[in-house]
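Asker: My questions all concern the structure below.
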Amino acid sequence: MDTLKQAFDSATPQFTDILKTLKPHLLIYDFLQLWALLAAAQLKIPAVEFISSSSTMTAYMWHDLLMEPKGINFPFSSTNYYRNYEMARIEKSKATIPVEKIEEDKNRSNREKIAPVGPLVQEPTVDDENSELIKWLSGKEKRSTIFVSFGSEYYLSDDDLLEIAHGLEISEVNFIWPIGFAKVEVELEEALPKYFLNMIGDRGRVFKGWASQEKILEHSSIGGFVSHCGWSSVTESMKYGIPIIAMPMHLDQPMN
């Protein structure tokens, strides 16, 4: 996420030039592109922020509702990310803001219009790369298969990967498990327990890379979803009525 934000920030001059050329009627930006609002304002282009998190997470971002009680360990300290992000943004600006200006901005923000939308879930598609997987899934009984996926930006630790493999092995349920690695050169056979792929046989599909999550979740053979609880994954599971076994890792995932 930090790398993505740095890439967005470095694109500021080019983005402003694009706005000048295209002159759009409306600009839609997300929370990683706060500078886009300033660029649009300079060019008198209306701008709307698209918040891709849940309403609960949005409320948490703007109100310090969740305080850690003394003597109680809150399990997901990573939810402090947004507070830290805001502090870093203020530090980066190197600006001194009068108290009156803060109060003025607060009152103005309370009058901003909010339009709830969603769930914004794309219609599933299957490419040739995943067609064989869907064919295999169609041969399984209804609600008999677990889908295990942690998105494209987060990676399991070695210990977590081994524990999940062990759990899938002893569960005796069908499963689909696309695995992403932080290092491309990691081989699947080296990361998994010895003989794991041989022992699961036709009961599971394990592979490096990505799978068509929406198409898998909508399939009648899927009965559960082991997920990192990214908001897109949560909304997709709700749309298709698939219960989640939650393993949140970072950002808004614990709150979701």
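Asker: For a quick check: sort TYR154, TYR195 by the number of other beta carbons within 10 angstrom, fewest at the front.
Answerer: Details: TYR154 17, TYR195 10.
Ranking TYR154, TYR195 by Cβ neighbours within 10 Å, fewest first, gives TYR195, TYR154.
Asker: With just the Cα atoms defining each centre, how far is the range 199-256 from the range 161-178? Give it in Å.
Answerer: 13 Å
Asker: Is the shape of the range 130-246 best called rounded, prolate or oblate, per the rule: a/c under 1.5 gives rounded, else a/b larger than b/c gives prolate, else oblate, with a ≥ b ≥ c the square roots of the Cα gyration tensor eigenvalues? List each step's numbers first, then the result.
Answerer: On the way: a/c = 1.62, a/b = 1.22, b/c = 1.33.
Oblate is the answer for the range 130-246, as a/c is 1.5 or above yet b/c matches or exceeds a/b.
Asker: Another question about this same structure. Which pairs break 22 Å Cα to Cα here: LYS215/LYS239; LYS183/LYS208; LYS135/LYS183? Don't skip to the answer; put the middle values down first.
Answerer: On the way: LYS215/LYS239 12 Å; LYS183/LYS208 11 Å; LYS135/LYS183 30 Å.
Checking Cα-Cα distances, LYS135/LYS183 exceed 22 Å.
Asker: Residues with amide H under 5 Å of ASN174's amide H, sequence separation 5 or more or different chain, H placed in the peptide plane at 1.01 Å from N; which?
Answerer: ILE146
Asker: Turning to a different aspect of this structure: Rank-order 221-233, 131-143, 14-26 by packing density, defined as the average count of other C-beta atoms within 10 Å over each peptide's residues, highest first. Show your work: numbers first, answer last.
Answerer: Details: 221-233: 20.8, 131-143: 13.6, 14-26: 11.8.
The most tightly packed comes first, giving 221-233, 131-143, 14-26.
Asker: If you take the charge dipole of the range 121-190 about its Cα centre, with +1 on Lys and Arg Cβ and -1 on Asp and Glu Cβ, which of TYR154, SER138, ALA182 is farthest toward its positive end?
Answerer: SER138
Asker: Going by how many other beta carbons lie within 10 Å of each one, how would you line up VAL117, VAL48, fewest first?
Answerer: Values: VAL117 8, VAL48 13.
Ranking VAL117, VAL48 by Cβ neighbours within 10 Å, fewest first, gives VAL117, VAL48.
Asker: Cβ under 12 Å from SER53's Cβ, SER53 left aside: what net charge do those residues give with Lys, Arg +1 and Asp, Glu -1?
Answerer: Working: positive: none; negative: ASP30, GLU49, ASP252.
Surrounding charge for SER53 is -3.
Laboratory data are not the source of any read-out in this text; all were calculated from the coordinates shown. Because the structure is a prediction, the values reported are computed rather than measured. Cβ sites come from the backbone with ideal geometry, for glycine too, and all protein chains shown count toward neighbours.
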